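Single-structure report; data block below.
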Amino acid sequence: MEGAELAGKILSTWLTLVLGFILLPSVFGVSLGISEIYMKILVKTLEWATIRIEKGAPKEATLKNSASVGIIQRDESPMEKGLSGLRGRDFELSDVFYFSKKGLEAIVEDEVTQRFSSEELVSWNLLTRTNVNFHYISLRLTMVWVLGVIVRYCVLLPLRVTLAFIGISLLVIGTTLVGQLPDSSLKNWLSELVHLTCCRICVRALSGTIHYHNKQYRPQKGGICVANHTSPIDVLILTTDGCYAMVGQVHGGLMGIIQRAMVKACPHVWFERSEMKDRHLVTKRLKEHIADKKKLPILIFPEGTCINNTSVMMFKKGSFEIGGTIHPVAIKYNPQFGDAFWNSSKYNMVSYLLRMMTSWAIVCDVWYMPPMTREEGEDAVQFANRVKSAIAIQGGLTELPWDGGLKRAKVKDTFKEEQQKNYSKMIVGNGSLN
């Protein structure tokens with residue numbers, strides 16, 4: 001009995017602390033300053049660890065910094081310059097060397113594959129999975145690393161799991177109850193309150209520190225919010241500061257339960273797998289949504305897959321064919337405190353969440369950007385590229401023309417045919433694409 005009473009007291013004390021210091025502040029959207037103190041201690045600790053590493057292993061640090069630049073020195077000159085020189089209209093055997101060189105560059109380090117692996121760090125952040133060899137540089141650094149493992153797995157992980165469970169449970173229960181109310185301004189207000197509160201709790205379950213910039217440009221109702229995509233938690237990051245109507249495929253399991261509960265309280269746009277293949281049906285439903293200026297802005301990630309926080313890849317044109325106002329948002333995570341990128345081909349959702357909850361924190365910047373509309377004479381592809389360029393510049397990301405679908409699919413024949421056409425034009429045009 002004494003053991004049961006002791007366990008009950010510990011549990012009640014634990015839940016009281018969670019309720020008083022985390023849940024209630026989340027409801028009102030305020031901070032007690034605990035996370036700020038934690039981040040200051042963490043920054044000082046990582047700075048000290050970096051200095052110890054540089055003193056104890058300068059060669060390793062130098063090698064790591066140089067390796068992060070790239071494996072090869074890539075020649076970015078166009079085909080014209082690569083094949084420049086005295087040449088006639090016919091094929092020349094020396095042209096083979098240019099294409100062989102480009103092929104070897106792609107095999108060693110292509111622009112696409114490296115975007116689907118974790119971002120390289122300049123220095124070790126005391127996480128086991130970033131660089132195991134750094135443990136043994138000094139005794140003090142090893143002791144700090146061991147202490148960090150204990151803190152992350154024995155203190156932070158239980159707290160974060162508790163918060164995530166509470167946040168998801170409240171979201172399902174809250175949206176289900178709100179969904180029973182008739183359509184009214186009260187229902188919309190309660191729905192937004194539930195979504196904001198639960199998302200804030202889930203973000204605190206990751207020790208999230210988010211810096212929002214240019215709040216005057218926050219997406220407005222009846223518009224479309226488009227953002228670069230790094231992780232499934234991008235939705236939580238944005239919904240912590242404002243509510244959105246989600247667009248996505250219907251799932252099963254826990255995700256399906258959450259989706260069915262959310263759509264009762266808020267007009268999210270969920271599609272069956274068979275419907276997702278019907279572009280006209282998807283476009284029709286999205287147009288109907290943005291036509292109602294009282295509905296929440298739609299949140300769309302046009303890349304269609306997660307990219308590793310270093311680049312922005314091709315935006316699918318479908319989001320830009322709908323019409324209406326586009327509200328671009330740039331999201332940039334700080335990898336020094338934790339890797340937010342989800343490599344879905346390597347980790348399932350449970351493994352990914354475990355990695356997230358055992359990281360130090362999730363720190364990111366969100367930039368709201370001025371709304372953009374389609375210009376006269378501009379097609380959907382050109383508009384998508386213009387929005388993508390703006391997001392890349394604002395977030396300090398590399399802009400790439402490649403389709404994120406190459407993560408799982410083969411290169412389309414059209415890409416190969418384009419290079420073949422360019423080469424043919426050079427032969428016919430005596431060495432000039434013009």
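The values are calculated or read from the model by the stated rules, or taken from the named source; none is laboratory data. All figures in this text were calculated on a predicted structure; none of them were measured in a lab. All Cβ positions, glycine included, derive from the backbone under ideal geometry; neighbour counts span all protein chains shown. Calculation scope for accessible area: heavy atoms of the full protein, side chains included, ligands and nucleic acids excluded. Shrake-Rupley method; radii C 1.70, N 1.55, O 1.52, S 1.80 Å.
Summary table
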{"item": "Amide N proximity, the stretch 246-271 versus ARG285 label position 7 Å along Cα-to-Cβ, cut-off under 15 Å", "result": "246-252, 256, 259-264, 266-271"}
{"item": "Apportionment of accessible area to carbon and sulfur, the stretch 232-333, percent (1.4 Å)", "result": "58"}
{"item": "Inter-label distance for ARG260 and GLN180, nm, one decimal - labels placed 7 Å from Cα along Cα-to-Cβ", "result": "1.7"}
{"item": "VAL30-GLN220 pseudo-label distance in nm [points 7 Å out on the Cα-to-Cβ vector]", "result": "3.1"}
{"item": "Burial ranking of peptide ranges 325-336, 152-163, 362-373 (average Cβ count within 10 Å, highest at the top)", "result": "325-336, 362-373, 152-163"}
{"item": "Potential extension, LYS40-THR373 segment - 0.36 nm per residue separation minus Cα distance", "result": "115.8 nm"}
